[in-house]
Amino acid sequence: MTNIKIFTDQDGSIVQYEISGHADFDEYGKDILCAAISVLSQTTLIALNKVCGIKEKDIAFSVDDESGYLKVSIPKNLEKNIKDKANVVLETMIVGIEDLAYQYPKYISIKKEEV
């Protein structure tokens, strides 16, 4: 099962996401759920830099493809317009992941918490 944690600040803005584990929907290399989650989460990481303008050095991230782990944190001190843009990108990722979890609830778990 793939476990996804979404962390928000007290304003409700997403500040971090963490994805761990493989969905085990199919064998490694053929798992469409793992592929979909990877595309959504990694495109989000790239978009935080290229679309939102957050410098790559300011985005804290950790990746381990073998174990299916990705953790991404954005800086707390972003200008409001950049933070708003980042939240749209992050919310878009969540919409995609929530739809996958709705369709395949045995394989994906999503938890949200405030930090």
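The values are calculated or read from the model by the stated rules, or taken from the named source; none is laboratory data. Because the structure is a prediction, the values reported are computed rather than measured. Positions of Cβ are generated from backbone atoms using ideal geometry, with glycine treated the same way; all protein chains shown enter the neighbour counts. What goes into the accessible areas is simple: the full protein's heavy atoms, side chains included, and nothing from ligands, DNA or RNA. Shrake-Rupley method; radii C 1.70, N 1.55, O 1.52, S 1.80 Å.
Between amide H atoms placed 1.01 Å from N, distances below 5 Å from Ile110 occur with Ile4, all of them 5 or more places distant or on a separate chain.
Taking every protein chain into account, the accessible area of the range 19-101 amounts to 60 square angstrom per residue (probe 1.4 Å).
How about the range 18-93: which GluC sites (Glu not before Pro) there lie in a loop by DSSP and see at most 14 other Cβ atoms within 10 Å? Sites meeting the loop and neighbour criteria: Glu27, Glu66, Glu79. Placing dummy labels 7 Å off each Cα toward the beta-carbon, the span from Asp84 to Asp9 is 1.4 nm. Legend: calculated FRET efficiency, Glu114 to Lys50, from the Cβ-Cβ distance at R0 = 30 Å, rounded to 0.05, equals 0.60. Taking every DSSP beta bridge that has both ends in the chain, the antiparallel portion is near 70%. I'd like the orientation of helix 80-103 relative to the chain: the angle between its Cα long axis and the longest Cα principal axis, in ° from 0 to 90, rounded to 10. The answer is roughly 10 degrees.
Taking the protein heavy atoms of the range 1-103 in the context of the full set of protein chains, the accessible area attributed to carbon and sulfur is 52 percent at 1.4 Å. With K and R counted +1 and D and E -1, the other residues having a Cβ less than 10 Å from that of Ala23 yield a net charge of -2. The trypsin sites (Lys or Arg not before Pro) found in the range 1-85 that occupy coil by DSSP, while having at most 10 further C-beta atoms within 10 Å, are Lys30, Lys55, Lys76.
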